[in-house]
Amino acid sequence: MTGDNSSREAVLRAFLAEHDEPCPGCGYSLLGIATSVCPECGHELELTLRREQPAPRWYTVGLVGVAAAVGFHWGVLPVALMFGSTAVFRFLPSAAVALLALVWWTRGKRRMAALSVPVRSGLVSLALSLPFLLFAMTFVVVVFFDAL
Ligand SMILES: [Zn+2]
């Protein structure tokens with residue numbers, strides 16, 4: 001089997017008929033295009049094989065932030081319980097947000113991999129600052145409860 005250009009183009013078109021991939025040149029959606037040239041920027045396209053990438057570091061770094069948020073904000077619940085059940089309610093919102101963030105982070109790995117580097121870096125920064133953002137949120141909740 002030799003991959004002459006027309007069969008490679010046919011495979012590329014068949015792939016893009018079913019996969020919404022961004023143009024590597026400009027990011028334009030190539031879903032369903034009928035040529036092997038990006039209609040937006042004119043970048044020549046080809047379907048290639050490459051070795052699987054090692055697990056991306058950005059994912060692990062962000063996971064550390066989100067896991068730390070879960071650790072801190074769930075860890076404080078038993079301590080709050082010692083001060084009575086009403087104290088626990090003040091810490092539940094941040095614990096819930098931390099848990100949701102952890103679920104979102106672990107389930108969104110593939111979707112996040114498709115994001116541009118600046119957007120992904122922003123999400124990693126947000127994940128790393130999550131424990132502190134949630135401390136601020138808890139502070140606001142405590143002040144709000146005490147104002148009632
Ligand atoms: Zn393009």
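Checking every residue in region 6-29 against the condition of being under 27 Å from the mean Cα position of the chain (by Cα), more than 23 Å from Met112 (Cα to Cα), away from the ligand (no atom under 16 Å from the Cβ) and surrounded by 15 or more Cβ atoms within 10 Å (Cβ to Cβ) gives zero matches.
There is at least one residue in region 91-102 that is within 30 Å of Glu21 (Cα to Cα) and surrounded by fewer than 13 Cβ atoms within 10 Å (Cβ to Cβ).
Can you tell me which residues in region 91-116 are at pLDDT below 90 and in contact with a Ser or Thr (Cβ under 7 Å, 6 or more places away or on another chain)? The one that is at pLDDT below 90 and in contact with a Ser or Thr (Cβ under 7 Å, 6 or more places away or on another chain): Phe91.
Looking across region 101-127, the residues that are in contact (Cβ under 8 Å) with a residue 12 or more places away in the chain and either of a type outside the set (A, V, I, L, M) or on the phi > 0 side of the Ramachandran plot (or both) come down to Trp105, Thr106, Lys109, Ser116, Arg120, Ser121.
The values are calculated or read from the model by the stated rules, or taken from the named source; none is laboratory data. Here the structure is a predicted model, which means the values were calculated and not measured. Glycine gets a Cβ as well: all are built from the backbone with ideal geometry, and neighbour counts include every protein chain shown.
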